[in-house]
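All remarks here apply to the structure that follows.
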Protein chains: 2
Amino acid sequence: MSKRPHVVIIGGGFGGLTCARALRKAPVRVTLIDRRNFHLFQPLLYQVATASLSPADVASPIRTILRKQKNAQVWMGEVTGIDPSAREVELSDGVRIDYDWLVVATGVTHAYFGNDAWAERAPGLKTVDDATEIRRRFLLAFEAAEREADPDERRRLLTFVIVGAGPTGVELAGAMAEIARDVMPKDFRAIDTTTTRILLLEGVDRVLPTYPPELSERAEEQLEALGVEVRTSTFVTGIEADHVMAGEERIEARTVFWAAGVEASSLGASLGVETDRAGRVLVEPDCSVPGHPEVFVVGDLASLTQDDGTTVPGVAQGAIQMGQHAARMIRAGLEGHGREGVGLEGRQREPFRYRDKGDLATIGRAAAVARIGRARLSGLLAWIIWAVVHVFYLIGFRNRILVMLQWTWAYLTYQRGIRLITGNPKVELQRARAPDELG
Amino acid sequence: MSKRPHVVIIGGGFGGLTCARALRKAPVRVTLIDRRNFHLFQPLLYQVATASLSPADVASPIRTILRKQKNAQVWMGEVTGIDPSAREVELSDGVRIDYDWLVVATGVTHAYFGNDAWAERAPGLKTVDDATEIRRRFLLAFEAAEREADPDERRRLLTFVIVGAGPTGVELAGAMAEIARDVMPKDFRAIDTTTTRILLLEGVDRVLPTYPPELSERAEEQLEALGVEVRTSTFVTGIEADHVMAGEERIEARTVFWAAGVEASSLGASLGVETDRAGRVLVEPDCSVPGHPEVFVVGDLASLTQDDGTTVPGVAQGAIQMGQHAARMIRAGLEGHGREGVGLEGRQREPFRYRDKGDLATIGRAAAVARIGRARLSGLLAWIIWAVVHVFYLIGFRNRILVMLQWTWAYLTYQRGIRLITGNPKVELQRARAPDELG
């Protein structure tokens, strides 16, 4: 029995999943391997962290997405190494899987610029568990403040620092400011949650550094309208249990979130090829790995400078398009394979070209910025476009309906539906107080 | 300034929350203390464990429920002791809170009949974290089976044992059998999930032992129609990593869930009064604690035998009605207080009378049993009543809409929306295999 070529895809994010689906009619066997059993719609993960959506609203089981694709199977497991010369990947339990084609799409995680101790104090936002941890810390701080007798400590509990003003940092800051202002006040008796401080720190001189400068300005205005204190050109030099050092300034704060540096998945290095400073694989123009036309790296893990000198940005669209491109190259290779002069070796390969569809970031209620082609939008219109685009790209009818419904509910009631503190529920206080008489 | 009497309520479940709300017009200060920041609608928690609902759909922040009740405040913290003579409760952080009236409503947790080692191997279902842990283990077993080479081990992975056939055990077993039969088959390639075995073990001679015998029969029929293997009069004598001992029988199974014994919250004992074998406080006919008319125990933590010899069952209705009763006694005590011959001492006290509204348990799609007054129902009609009653009692418009929507979706599509494996994602295998060619 002649076996169909085996395409192994590592990672079920935007890049890997798109690649798997684009191979649905190809005469191959596809094995998609992921540590998790679900695809995560990362652009809305900050809404899980800020109590607007449940994890399940932004995630779908990979098996269910691929259930009708007969040539694909899903393997839950952790790939720990790649051996390109043997054409094998190795899983954490020692199993080795042969491949004919390999697509590595394991993305990036957050990096603390060598300050590993910060990881514990300032969680980042990449996984569902990260999101529920951020939600836990954010909500718990208000609970602790309500019971805290010492006014300085109360102030520290109600000060939140977000490091990094890319889209994730901006979205977290805006959402948290809104919650403190609109959602919390009536729920607490002892504290005035409108005194909550949200500080957004950014190393370069503007928020959303990858966006056009005029949109950075609009975003900063909208953040400040929400009461967010934006500090640009500000580097974090220390994160301690009760304060953050921002250059010379000491910011008294108990809760810090990390939305700054990223670092490539360690699998990139195991390919044994050149990487950039963040560990991203320097791929060929067709997204393949130098010397290995049968191996592609797509999505955030790939570092690709196009002919025009622009680099492909680490966003969902970049990963989706690279995943499609890798699938196209694999299909082309299969067709040519066996015929003289064509095959895996990389002939017939086309360079990847990123089709820039624009940028979108939301700040809060009816507040967002958008770049679509040459158009620059901000405010309500940008926000509507943001919402429509995000619902459209969400996977699954169920998730689309639930997300729209919950957004409508949140919009109308100024509430957040998912204010649950799960996991370890301990409230740790400096000087807890007994309840006083109410006013 | 004359302080209003302080009513401290420990626990924000059905009993405590109902009591707090029933005191909304009373001239008291209410402090509701809970370890969690949310009220949990326990009757639907098994649906979180079986991937039908998200935690937030069956939980609401206690603060939000009480936000308009000006005489109430919510305190997130853990009560570790009660000193009835000093009229104080103590929190884990050492804070002591004075009370004039105390309502203890901390419920029960699962108990392993002295086999504490079983707790790790067979998680029970009391908290949101329990539910996501059960969901994780249930879904992970299928993922591991898909990758397992050894057929015996695959069989072990696809065998689930549920210990205890009360409502929780019956509901878990039915939902899990449906998922294996209706939801999973198309998603997996290597395993046939319809071969999944669900065993439901019960020590006494019928399922739902507290229900009328004819409903136990109906429930057992409906479970068996779903393929659940019901074993009554069967005692578990051992739970190991790869098998369960049920009397002399060795059941090869990797995944076990616990829905058997319960044990009272340890706070009951700290009252220094008589308790039953499970640690429940033997309360006076008015739900107060012997010798302390200002202290009430309500809900599952209370053991109360009524004049007619019946005991109040440990169900939501029992807790709700006892919470209302305690609030009524407190209001009556306040009115009488100061007048001659009446007051906290317990005069003017009425005995609690449980108004039995019936029993409801669901087994699966269009399968349930119900006792309403003298009526006994099963099948579709019972199931519709079950659904209507549960949506009606859910707190919050948002949750009602979302639950109805998700039930409708699940009913129409035979899907489960929340199939996420969160937390530690490791798949542990005996003999993992590499993917084979697909058929």
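All of the numbers you see were taken from the coordinates with simple rules; none came from a lab. This one's a predicted model, so the numbers in the text were calculated from it and none came from an experiment. Cβ: placed from backbone, ideal geometry, glycine included. Neighbour counts: every protein chain shown.
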What full-extension length gain, to one decimal in nm, is calculated for A:K186 and A:F392 as 0.36 nm per residue of separation minus the Cα-Cα distance? 70.7 nm
Between B:A278 and B:R400, what length in nm is gained on full extension when 0.36 nm per residue of separation is reduced by their alpha carbon distance? 40.5 nm
Among residues other than A:S216 whose Cβ falls under 12 Å from its Cβ, what is the net charge (Lys/Arg +1, Asp/Glu -1)? -3
Ratio of Rg to Rh over the range B:87-128 (Cα coordinates, Kirkwood Rh, two decimals): 1.16
Excluding residues on the same chain fewer than 8 positions from A:K70, give the lysines whose Cα lies under 17 Å from its Cα. A:K3, A:K25, B:K186
Can you work out ³J(HN,Hα) from phi for every residue in the range B:120-137, in order, using Karplus 6.51 cos²θ - 1.76 cosθ + 1.60 and θ = phi - 60°, giving whole Hz and x for Gly and Pro? 5, 7, 10, x, x, 10, 10, 10, 4, 5, 4, 5, 6, 5, 4, 4, 4, 5
Amide H of A:V103: which non-local residues (sequence gap of 5 or more, or other chain) have their own amide H closer than 5 Å, using H built in the peptide plane? A:V8, A:I9, A:I10, A:F296
Counting sequence-distant residues (5 or more places) and residues on other chains, those with an amide H built under 5 Å from that of A:A72 are A:V30
One decimal, nm, shortest first: give the distances between the label point of A:D307 and those of the same position in the other copies, each label point 7 Å from Cα along Cα→Cβ. 9.4
Net charge of Cβ neighbours under 13 Å - reference A:A259; Lys, Arg +1; Asp, Glu -1: -2
Measuring nothing but label to label, 7 Å from Cα along Cα→Cβ, what are A:A119's distances to the other copies in nm, shortest first? 2.9
Can you list, bin by bin at 20 Å, the percent of alpha carbon pairs in the protein assembly as shown, starting at 0? 14, 42, 34, 9, 1, 0
Restricted to Cα positions, what overall size does chain A have along the principal axes? Three whole-Å values, descending. 86, 48, 44
Kirkwood hydrodynamic radius (C-alpha pairs) into Stokes-Einstein, the range A:1-118, 20 °C and 1.002 mPa s, D in µm²/s: 137 µm²/s
Straight-line reach from B:K126: which lysines have a Cα under 28 Å away, not including same-chain ones fewer than 8 places off? A:K426, B:K357, B:K426
Run the numbers on the range B:118-259 and let me know its relative contact order in percent, using alpha-carbon pairs under 8 Å that are six or more apart. 32 percent
Measuring from label point to label point, each 7 Å out along Cα→Cβ, what is the B:D152 to A:E120 span in nm? 4.4 nm
Mind giving me the nanometre distance, one decimal, between the label points for B:D98 and B:F113, set 7 Å out from Cα along Cα→Cβ? 4.8 nm
Nearest beta-carbon of A to the rotation axis carrying it onto B: which residue, how many whole Å? A:S54, 2
Quarter of Cα convex hull surface for the range B:118-259, i.e. mean projection, nm²: 8.2 nm²
Any idea what Rg and Dmax come out to for the range A:8-54 if you just take the C-alpha atoms, in Å? 13.6, 44
Of all DSSP beta bridges located in the protein assembly as shown, what percent are antiparallel, nearest 5? 50 percent
Among DSSP bridges having both ends in the range B:131-253, what percentage is antiparallel? Round to the nearest 5. 45 percent
Full-extension gain in nm, B:S266 to B:R433, via 0.36 nm per residue minus C-alpha separation: 55.4 nm
